[in-house]
Amino acid sequence: MNQAIGVPTRPLNTGGQIPLIGLGTWPMDDAQAATAVRTGLQLGYRLVDTAAKYGNEVGVGRGLRDSGIPRSEVVLTTKLRGADHGYDKTKAALHASLERLGVDYVDIYLIHWPLPRLERYVDSYRAMLAMRGEGLIRSVGVSNFTKAHIEQLDRETGVLPAVNQIQLSPALPRTALHTYLERHGIVTQSYSPLGRKEDAHRAPVVRELAQRYGRTPEQVILRWHVQQELVAIPKSSDQQRQRANLAVFDFELSPEDMSRLRALDQGEAAAIDPDRHEEF
Ligand code: NAP
């Protein structure tokens, strides 16, 4: 087993802690996820991201058990798929996820997409809060939610989510939404944190910084996330790249270099629009 390294964490508004780097598992199948989660946890990852929609929760659960890392040390996240929106369906969906994962609670349960056309995400959120009360979920969160969706949750339930997991990278810094979430004590999680290869990895500024800091372009990008206390969840099935993606806590980008990366911003219009995106 590889020696674990400590990944810095930040607090959640529910009282727990979340590591600043986690392991994404889409689009792995069960067998790939079992291997990747086992090696990732043995390398020091303590946050794992899956979803009912990914069809790999069985593999993620197997990887968790095979790793030998105690369940209590791992922040395990899964998500409610679109087809299961609604109060009763949400309850059944979480029980099914727990069964597939082989665990008796998840640390973070997210609504995967708001699907505003269905008008059921508030009902799902209420069901999740009830299941948090039963000890089946530690923290309730959302994914792909806009400020307006979160304001509706707040108005109707009085409870802000712990996390909003959104598409975020140097090309899509989502500054307005990130600032709003920070102001309300909601942790921003970055999915697709490395961005599209053509957007960021190949940008001359990223390559130049990688060379100057003696790091890979991906490490420069992940450092940009953690330096803003964004929780990034890069996916890698390769052990060397998993290790490299964790090794971003022993160098620091200067404020000037952080501002230079701001020039990669393509604007909010380049991000997926959750009011239009339908995924079940
Ligand atoms: P990503 O993690 O930014 O990029 C993954 C890609 O980069 C893979 O092709 C991976 O290949 C490669 N890669 C990873 N580390 C690398 C490195 N150090 N050097 C070179 N290449 C590297 O994008 P993502 O998978 O779209 O997003 C990450 C996770 O976020 C997903 O796995 C999923 O858990 C979650 N997600 C959530 C949503 C949502 O709606 N909430 C949407 C999309 C994704 P290898 O595996 O071969 O290394």
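Yes/no matrix, rows are residues, columns are (1) surrounded by 15 or more Cβ atoms within 10 Å (Cβ to Cβ); (2) over 26 Å from Pro27 (Cα atoms); (3) of a type outside the set (S, T, N, Q):
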site	(1), (2), (3)
Pro70	no, no, yes
Val75	yes, no, yes
Thr78	yes, no, no
Val142	yes, no, yes
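Are any residues in segment 145-159 surrounded by fewer than 24 Cβ atoms within 10 Å (Cβ to Cβ) and under 18 Å from Leu230 (Cα atoms), and if so, which ones?
Listed by number, the residues that qualify are Thr146, Lys147.
Having 1 or more residues that are touching a residue at least 60 places away in the same chain (Cβ under 8 Å) and not charged (D, E, K, R) is the bar; report the helices (runs of 4 or more DSSP H) wholly within segment 179-261 that clear it.
Counting at least 1 such residues, we get 217-226, 239-246.
State all residues of segment 235-260 that are under 18 Å from Tyr191 (Cα atoms) and of a type in the set (A, V, I, L, M); if no residue qualifies, say none.
Ala244, Leu246, Val248
From the list Glu73, Glu99, exactly one residue is over 18 Å from the mean Cα position of the chain (by Cα), more than 14 Å from the ligand (Cβ to nearest atom) and of a type in the set (D, E, K, R). Which is it?
Only one candidate passes the filter, namely Glu99.
Out of Val37, Val7, Val48, Val60, report the one residue that is away from the ligand (no atom under 15 Å from the Cβ), of a type in the set (A, V, I, L, M, F, W, C), within 19 Å of the chain's Cα centre (by Cα) and modelled with pLDDT of 95 or more.
Val7
When the residues of segment 204-262 are narrowed to those that are among the hydroxyl-bearing types (Ser, Thr, Tyr) and within 15 Å of the ligand (Cβ to nearest atom), which ends up nearest to Asp29 (Cα to Cα)?
Once the filter is applied, the top-ranked residue is Ser237.
Could you list, in sequence order, the residues of segment 160-171 that are crowded, with 20+ Cβ neighbours inside 10 Å, over 12 Å from Val231 (Cβ atoms) and in contact with a helix residue (DSSP H, G or I) (Cβ under 6 Å, 6 or more places away or on another chain)?
Pro170
May I ask you to list the residues in segment 172-183 that are surrounded by 19 or more Cβ atoms within 10 Å (Cβ to Cβ) and not aliphatic (A, V, I, L, M)?
Pro173, Arg174, His178 - these are the residues of segment 172-183 that are surrounded by 19 or more Cβ atoms within 10 Å (Cβ to Cβ) and not aliphatic (A, V, I, L, M).
Scan segment 226-238 and tell me whether some residue there is touching a Lys or Arg at 6+ places or on another chain (Cβ under 7 Å) and either buried (at least 21 other Cβ atoms within 10 Å of the Cβ) or among the small types (Gly, Ala, Ser) (or both).
No: zero hits.
Here are Leu230, Leu253: which of them is at pLDDT 95 or above and within 30 Å of Ala83 (Cα to Cα)?
Going through Leu230, Leu253 in turn, the sole match is Leu230.
Evaluate the following for Lys53: is it in a helix (DSSP H, G or I), under 26 Å from Ala130 (Cα atoms) and within 14 Å of the ligand (Cβ to nearest atom)?
Here the answer is yes, as Lys53 does meet what is asked.
The values are calculated or read from the model by the stated rules, or taken from the named source; none is laboratory data. Here the structure is a predicted model, which is why all the values come from computation and not from measurement. Methodologically, a virtual Cβ is constructed for each residue, glycine included, from the backbone with ideal geometry; neighbour enumeration extends over all protein chains shown.
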